[in-house]
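Colleague: One structure, as structure tokens, below. Some questions next.
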Amino acid sequence: MPDTAPIPIAMPASAEQASDPELAARAAQADTAAFECIMRRHNRLLFRTARSILKSDEETEDALQESYLRAWRAIGSFRDDAQLSTWLVRIVINEALGRLRRRGAQVIPLDGAATPDPGEETEQKAAGDPDEQPERLAMREELRQLMERRIDRLPDAYRTVFMLRAVEEMSVAETAAALALPEATVRTRFFRARSLLRESLSRDMDVAMGDAFSFDGARCDRIVAGVLASLAGER
């Protein structure tokens, strides 16, 4: 029997080069190829956003697929005077918070005025001096894992702000718009989050940042394939 495994098909150049509003307009006309391009363009941002709330890779993938299905059904309501990324972030945040509520977890609204006191952080340092490590890559992997654990331990009010500002490198204005927060609040929460992480990560935090919560091709393909299969089943 011939190998029937699906072969990834590259998006047409026209779709890859199209702007977000153009892709949204095409998706609103049931163009699944345009919607696939939207997913691949924003997958990492949305995965990291949901992951900052759910703290579970598996549940985050499920939440992201459900969010895309919600976005597909509502894409006709998107207006191009807003940023598509902001619109999608709000959908995925609502889905993630909804999952927390359904499992009975305490949910602190991201736009709440009160900021919880995180208490004292436990002292923990990466094993060994980076300059003395025989394998730099092994050291970076340890730091990446430590960073992910530390980010998971941040208070809810800080964690998503930190993920969008530091890991995704969104601007203060973009983060504020995505989370419906005042820019001053974004600045304060980001500063506090960095303070909580600084002692244990210090010199190597910026080096390891690019590797945190990596979004590899397999995960991206898996989420896109799951959403497209669901869309095909609805037609």
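The values are calculated or read from the model by the stated rules, or taken from the named source; none is laboratory data. Computed from a predicted model, the values in this text were never measured in an experiment. FYI the Cβ positions are ideal-geometry reconstructions off the backbone, even for glycines, and counts take in every protein chain you see. What goes into the accessible areas is simple: the full protein's heavy atoms, side chains included, and nothing from ligands, DNA or RNA. Shrake-Rupley method; radii C 1.70, N 1.55, O 1.52, S 1.80 Å.
Colleague: Determine, for each peptide in 43-56, 16-29, the mean count of other beta carbons within 10 angstrom over its residues, then list the peptides with the highest first.
Modeller: Top to bottom by mean Cβ count within 10 Å: 43-56, 16-29.
Colleague: How would S85, S171 line up by accessible area, probe 1.4 Å, largest first?
Modeller: Solvent-accessible surface, decreasing: S171, S85.
Colleague: Express in nm, to one decimal, how much length is gained between R222 and E234 on full extension, taking 0.36 nm for each residue of separation and deducting their alpha carbon distance.
Modeller: Result: 2.5 nm gained on full extension.
Colleague: Which of the peptides 149-156, 62-69 is most tightly packed, and how do the rest follow, going by the mean number of other Cβ atoms within 10 Å of each residue? Before the final figure, lay out the partial values.
Modeller: Values: 149-156: 17.6, 62-69: 22.2.
Top of the packing list down: 62-69, 149-156.
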